[in-house]
1. What are the residues in segment 89-103 that are open to solvent by 10 Å² or more (accessible area, probe 1.4 Å) and part of a helix (DSSP H, G or I), if any?
2. Quick test for you: out of 321, 356, 373, pick the one residue that is of a type in the set (Ser, Thr, Tyr), within 20 Å of the chain's Cα centre (by Cα) and closer than 23 Å to residue 135 by Cα.
3. Just give me the residues in segment 213-241 being among the aromatic types (Phe, Trp, Tyr) and open to solvent by less than 30 Å² (accessible area, probe 1.4 Å), in sequence order.
4. Which of the residues belonging to segment 194-212 are at pLDDT below 85 and buried (at least 18 other Cβ atoms within 10 Å of the Cβ)?
5. Quick one: which residue in 311, 326 is of a type in the set (Val, Ile, Thr), out of contact with any Leu (no Cβ under 7 Å at 6 or more places or on another chain) and open to solvent by 10 Å² or more (accessible area, probe 1.4 Å)?
6. For segment 339-350, state whether one or more residues are over 17 Å from residue 219 (Cβ atoms), open to solvent by 10 Å² or more (accessible area, probe 1.4 Å) and aliphatic (A, V, I, L, M).
7. Give the residues of segment 105-131 that are touching a residue at least 60 places away in the same chain (Cβ under 8 Å) and among the β-branched types (Val, Ile, Thr), sorted by residue number.
Amino acid sequence: MINTKLLAGFPREVKVLVAASFFVAVGFGVIVPAMPLFAKSFGVNNSAVGLIVSTFAIARFCSGLISGKLVDLFGERLVFAIGILMVSFFTFLCALAQSYTQLLIFRSAGGLGSSMFSVAAGSIIMRSVSDDQRGRAQSVYNGSFLVGGIAGPAIGGALSTISLRAPFFTYSVTLLCAGTIGFFFLSPGKPSAKAEVAGDEKMSIPEALRLPPYRTALILSFVTSWVLLGLRSSILPLFVTEELHSTTAIVGLGFTLSALFQGLLLLPAGNLSDIRGRRVALSIGTTVVMAGVITLIFSIHPWMYLAGMCIIGFGGAFLSTVPANIVGDVIRGKSGQVIALWQMAGDAGMIVGPITVGFLSDLFSFRVAFMATAAIFSLAVLLAYRLPETRQSHLL
């Protein structure tokens, strides 16, 4: 669990979200090793197994603006709690599924709940802290997810030896705990000082899109998800085993090292964002991640793959916090749909990235897919160096 000293000085909302997100992440990590095996047990092919993962992200993407509207209408606490409880309920139904079709439907339905609680959580984090704390708050919040995500798969692997349904029951229980924590301990939508000054007004999507920093945050969310999530969840394991002729153990080691570097540097990255400003932190993050992708392009030995993953984890610590900080800096009041659109950009990267790199690797090669990723990510590097500073306290 996150050290309580790291939470010193934060409002109660942040502390509650950190506790709730840890339970969510542990539960999600528990079902990661079980999901493909459980889907495969219904006698389907690998494409159908992949569809289980994609439909969850697609459901999140399609329901993002609806979730943002619900946050604006009913407040963060209620939407957060109901969203998590929805995922808990549909995960419980997944555990009881008797066919692949049922599993697909229940998992997809859970995407709506996931969208609801993630948009609500993002709104709470952005509105409950001042801009000179926002970077550290995002780091601690993301860190709780990372710690939970590392612990979960080990538990899920052990439970899967008992029954492939057991991890889903466990995830349902951890989600129930998280939803209960959110409902009883979050305040009913306490606005930040910035929201109070603005009269708790709502920023519309057209207003937000007229702001260059917000448009930059959308692009960053898309390409970051493409690289940090889409690329890793699709062809990287195949690249290591087929191109580098290594083992799945090396694949796992690379992922672990990447997560370890990201976790160790999350708080320093958040502090740098608060002290030196968003532009400096973002420039470091995009440059380092680009270096990691280039390392993968030229990897000819497993140790080069491991080095590339460490570099990507280093840069990922910055990219997992700064774009959210930028959005938090520029929004006004309850802006659920604005936050939802930003999160949808990340979901789109998770959908488009794996499909694109998979297609390019089949048609050409793994390295061509990596080069295409580097070309797309170069836009993020350019935007980072051109970003105007958004942290108002830094400008005073």
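1. Matches in segment 89-103: 89, 90, 92, 93, 96, 100, 101, 102.
2. 321
3. 214, 226, 239
4. 194, 195, 203, listed by residue number.
5. Just a single option satisfies the conditions, and that option is 311.
6. no
7. 119, 124, 125, 129
Let's see how each residue does on (1) over 16 Å from residue 332 (Cα atoms); (2) modelled with pLDDT of 80 or more; (3) of a type in the set (Ser, Thr, Tyr):
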{"residue": "101", "(1), (2), (3)": "yes, yes, yes"}
{"residue": "105", "(1), (2), (3)": "yes, yes, no"}
{"residue": "115", "(1), (2), (3)": "yes, yes, yes"}
{"residue": "118", "(1), (2), (3)": "yes, yes, yes"}
{"residue": "123", "(1), (2), (3)": "no, yes, yes"}
{"residue": "137", "(1), (2), (3)": "yes, no, no"}
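The values are calculated or read from the model by the stated rules, or taken from the named source; none is laboratory data. On a predicted model such as this, the values are computed, not experimentally measured, just so you know. Glycine also receives a Cβ, built like all others from the backbone with ideal geometry; neighbour counts cover every protein chain displayed. With ligands, DNA and RNA removed, areas are computed over all heavy atoms of the protein, side chains included. Shrake-Rupley method; radii C 1.70, N 1.55, O 1.52, S 1.80 Å.
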